[in-house]
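Written out below as structure tokens is the structure these notes cover.
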Amino acid sequence: TTSIRIASLLLLCVSAIEAKKITFFGSQGGSNACQMKAGSKDACIVRLNGNPTTGYTWVATMESEGVVTVGEPEYQRNKDKLVGSGGIFEFRVAPKGTGGSTTVKFNYVRAWEAKNAEQIGQPDYQLFCQLE
């Protein structure tokens, strides 16, 4: 019975430090909120429809730097593999700072527009991030 108690305690400890991963399927004009623990391996995954063959891509910007990191998007083609059919852009948002909040703004823009922040305008999708 002692070994069962120890195994149960170890399982409880492992699950307490396990990273939380939440996936959002964003839509144009939409928004979501994500809470993460500061200093943890938690992550919010944002999946956005897109089609790079049109010249458009998703670009992420933050209101406040130093709260979260936003990884480079990973693109996954649709399973039908038809030319020009589009797919999903996936961003990983993870805690960086020790606390605070920020809004990550996602814009669906052409590559030459992404270089000039004044041209981007209102975000197409937003993720509010709060670090506990």
Query raised in the report: Across bins of 10 angstrom width beginning at 0, how are the C-alpha pair distances of the stretch 17-87 distributed, in whole percent?
Result: 16, 43, 29, 11, 1
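For Ala33 and Ser64 in the same chain, what is the full-extension length gain: residue separation times 0.36 nm, less their Cα-Cα distance, in nm? Each step should come with its number before you reach the end.
Values: separation 31, 0.36 × 31 = 11.16 nm, distance 1.54 nm.
Once the chain is fully extended between Ala33 and Ser64, it gains 9.6 nm.
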Query raised in the report: To the nearest whole percent, what portion of all C-alpha pairs in the stretch 23-132 is separated by more than 18 angstrom?
Result: 49 percent
Query raised in the report: With every protein chain left in place, what is the accessible area per residue of the stretch 13-132 in square angstrom, probe 1.4 Å?
Result: 60 Å²
Requested in this report: Assuming R0 = 22 Å, can you tell me the calculated FRET efficiency for the pair Arg92 and Glu132, based on Cβ-Cβ distance, to the nearest 0.05?
Outcome: 0.75
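Rank these by accessible area, largest first, 1.4 Å probe: Leu82, Leu131. Walk me through the numbers before you get to the answer.
Details: Leu82 110, Leu131 10 Å².
So, going from the largest accessible area down, we get Leu82, Leu131.
Quick one, can you get me the convex hull of the C-alpha atoms of the stretch 86-132 expressed as volume per residue in Å³?
So the per-residue hull volume is 105 Å³.
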Report summary line: Once Asp80, Asp124 are ranked on solvent-accessible area with the largest value leading and a 1.4 Å probe, the list reads Asp80, Asp124
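Please compute the contact order of the stretch 42-125 in relative form: average sequence separation of alpha-carbon pairs under 8 Å and at least six residues apart, divided by the residue count, as a percent.
38 percent
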Query - Stretchable slack from Thr54 to Lys41, in nm (0.36 nm times residue separation minus alpha-carbon distance) - result: 1.2 nm
Report summary line: Given 37-45, 23-31, the highest-first ranking by average Cβ count within 10 Å works out to 37-45, 23-31
Query raised in the report: With every protein chain kept in the model, how would you rank Arg110, Arg47, Arg77 by accessible area, 1.4 Å probe, largest at the top?
Result: Arg77, Arg110, Arg47
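The values are calculated or read from the model by the stated rules, or taken from the named source; none is laboratory data. Just so it is clear, the model here is predicted, and its values are computed rather than measured. Neighbour counts are summed over all protein chains in view; Cβ atoms, including those assigned to glycine, are modelled from backbone coordinates with ideal geometry. Side chains included, ligands, DNA and RNA excluded: accessible areas come from the protein's heavy atoms. Shrake-Rupley method; radii C 1.70, N 1.55, O 1.52, S 1.80 Å.
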